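Have a look at the structure below before the remarks.
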Amino acid sequence: MPKISTADFRNGLTIKLNNDLFTIIEFQHVKPGKGGAFVRTKLKGILTGKVLDKTYRAGENVESVRVERHPYQFLYHDGMAYHFMHTQTYEQVALNEAQVDKPTFMKESQEVIMVIDADADQILFTELPDHVVLLVTQTEPGVRGDTAQGASKPATLESGVTIQVPLFINEGDLVKVDSRDGTYSERVKS
């Protein structure tokens with residue numbers, strides 16, 4: 001694996017630390033008035049998801065990991081594995097739930113990005129788009145006159161997840177959901 005210097009750090013870079021893979025979430029070069037410069041980083045474990053803070057001396061070398069991102073389409077979930085198909089080669093793969101990013105917001109034929117360790121030719125995880133459009137399959141009708149500022153009600157979406165939506169949302173509406181935190185963004189006109 002190629003070694004890189006702390007001067008080459010950037011957000012999204014994948015590195016190897018203690019035989020685990022981490023992605024750099026953020027970093028900061030610090031030059032104190034006294035002593036040597038250093039780089040303060042926040043790393044997220046690819047397989048574990050845990051976030052840790054690590055400090056490197058300026059110019060220190062670390063192992064970088066070459067990752068590739070490929071478009072895949074979600075086919076179905078059979079109870080044990082999630083099945084995906086590469087959108088260009090039509091190759092199919094099955095992943096366990098730990099490798100799938102936010103499966104509660106995925107619907108069949110949804111496009112996701114597969115993050116692959118190019119050196120080991122191993123699928124690391126999937127990335128769901130930041131916003132997904134889902135159909136409201138079940139919600140109570142809004143009560144007329146119940147229009148207090150910011151009022152919301154629960155709604156079940158086609159993927160099976162339940163989120164809070166404004167009172168004017170009805171069954172059959174398409175809504176845009178922020179998949180990062182599971183919140184309602186807006187109603188989508190069909």
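Details
- Of all residues in the stretch 10-56, those that are exposed (fewer than 13 other Cβ atoms within 10 Å of the Cβ) and of a type in the set (Asp, Glu) total 2.
- Test: residue in the stretch 113-128 that is touching a residue at least 24 places away in the same chain (Cβ under 8 Å), outside any strand (DSSP E or B) and more than 30 Å from ASP20 (Cβ to Cβ): no
- Residue in the stretch 87-101 that is in contact with a helix residue (DSSP H, G or I) (Cβ under 8 Å, 6 or more places away or on another chain), outside the structural domain of ASP178 (by TED's automatic domain parsing) and assigned to a loop (DSSP other than H, G, I, E, B) present: no
- Check on PRO141, assigned to a loop (DSSP other than H, G, I, E, B), out of contact with any strand residue (DSSP E or B) (no Cβ under 6 Å at 6 or more places or on another chain) and farther than 27 Å from LYS44 by Cβ: yes
- Evaluation of LEU135 against the conditions (1) outside the structural domain of PRO166 (by TED's automatic domain parsing); (2) out of contact with any His (no Cβ under 9 Å at 6 or more places or on another chain) shows that the sole unmet condition is (1).
- Number of residues in the stretch 31-52 that are farther than 26 Å from ASP119 by Cα and part of a strand (DSSP E or B) equals 3.
- Residue match in the stretch 169-179 (condition: polar (S, T, N, Q), surrounded by 12 or more Cβ atoms within 10 Å (Cβ to Cβ) and more than 20 Å from the chain's Cα centre (by Cα)): yes
- Residues in the stretch 1-29 that are closer than 11 Å to VAL65 by Cα and either of a type in the set (Lys, Arg) or part of a strand (DSSP E or B) (or both): LYS3, ILE4, THR14, ILE15, LYS16, LEU17, ASP20, LEU21, PHE22, THR23.
- Matching option when the condition is surrounded by 12 or more Cβ atoms within 10 Å (Cβ to Cβ), hydroxyl-bearing (Ser, Thr, Tyr) and without any contact (Cβ under 8 Å) to a residue 12 or more places away in the chain, among THR162, THR137, THR89, THR104: THR162
The values are calculated or read from the model by the stated rules, or taken from the named source; none is laboratory data. Treat the numbers as computed from the prediction; the structure is a model and nothing was measured. All Cβ positions, even for glycine, are placed from backbone atoms using ideal geometry, and neighbour counts span all protein chains on display.
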